[in-house]
């Protein structure tokens, strides 16, 4: 086990991937971050995991325009004050649109947005780099 300079446990890649999948199955909210000329954008999203990819569904707008075919970041975390544990996982990778003719094979792999009018654009974020930390929240 490796502890970073702030006292957080650095997680191994398999554990990061396991936390990512478990969070998706529990309906956790993640965040995607995209770069733009004016300023970065961070957007909360529902997500699913499939074939070493994070799937997100977005509507039209700045976020999806900046994300398509670009390198983006995705982050998910959990804080449990009852057990005094917290963790976060950060993924960086290429985002590509999935054709509408290729919906996820199983319902739990289709990210289900909480908003009344979910977007139609399904993006797959390739998990190129993944890091994670576990720590005790203050």
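The values are calculated or read from the model by the stated rules, or taken from the named source; none is laboratory data. Predicted model, so just to flag it, every value in this text is computed and none were measured. Positions of Cβ are backbone-derived with ideal geometry, glycine not excepted, and every protein chain shown enters the neighbour counts.
Would you mind stating whether residue 76 is more than 20 Å from residue 19 (Cα to Cα), crowded, with 17+ Cβ neighbours inside 10 Å, in contact with a strand residue (DSSP E or B) (Cβ under 8 Å, 6 or more places away or on another chain) and at pLDDT 90 or above? Break it down stepwise before answering.
On the way: more than 20 Å from residue 19 (Cα to Cα): no; crowded, with 17+ Cβ neighbours inside 10 Å: yes; in contact with a strand residue (DSSP E or B) (Cβ under 8 Å, 6 or more places away or on another chain): yes; at pLDDT 90 or above: yes.
It is false that residue 76 is more than 20 Å from residue 19 (Cα to Cα), crowded, with 17+ Cβ neighbours inside 10 Å, in contact with a strand residue (DSSP E or B) (Cβ under 8 Å, 6 or more places away or on another chain) and at pLDDT 90 or above.
Against the definition (at pLDDT 95 or above, in a strand (DSSP E or B) and either in contact with a helix residue (DSSP H, G or I) (Cβ under 8 Å, 6 or more places away or on another chain) or surrounded by fewer than 15 Cβ atoms within 10 Å (Cβ to Cβ) (or both)), how does residue 91 come out, yes or no?
Working: at pLDDT 95 or above: yes; in a strand (DSSP E or B): yes; either in contact with a helix residue (DSSP H, G or I) (Cβ under 8 Å, 6 or more places away or on another chain) or surrounded by fewer than 15 Cβ atoms within 10 Å (Cβ to Cβ) (or both): yes.
For residue 91, the condition - at pLDDT 95 or above, in a strand (DSSP E or B) and either in contact with a helix residue (DSSP H, G or I) (Cβ under 8 Å, 6 or more places away or on another chain) or surrounded by fewer than 15 Cβ atoms within 10 Å (Cβ to Cβ) (or both) - is met.
Please pick out the residue among 56, 21, 64 that is closer than 27 Å to residue 86 by Cβ, in contact (Cβ under 8 Å) with a residue 12 or more places away in the chain and buried (at least 21 other Cβ atoms within 10 Å of the Cβ). If you could, list the steps in order and put the result at the bottom.
Numbers: 21 fails: buried (at least 21 other Cβ atoms within 10 Å of the Cβ); 64 fails: closer than 27 Å to residue 86 by Cβ.
Matching residue, one of 56, 21, 64: 56.
Within the set of pairs 6 or more residues apart or between chains, which connect a residue that is at negative phi and free of Cβ contacts under 8 Å to residues at least 24 places away in the same chain inside segment 120-138 to a residue that is surrounded by fewer than 17 Cβ atoms within 10 Å (Cβ to Cβ) and not in a loop (DSSP other than H, G, I, E, B) with Cβ atoms less than 9 Å apart?
none
Among (1) part of a loop (DSSP other than H, G, I, E, B); (2) over 19 Å from residue 120 (Cα atoms); (3) touching a strand residue (DSSP E or B) at 6+ places or on another chain (Cβ under 9 Å), which single condition is residue 36 missing?
(3)
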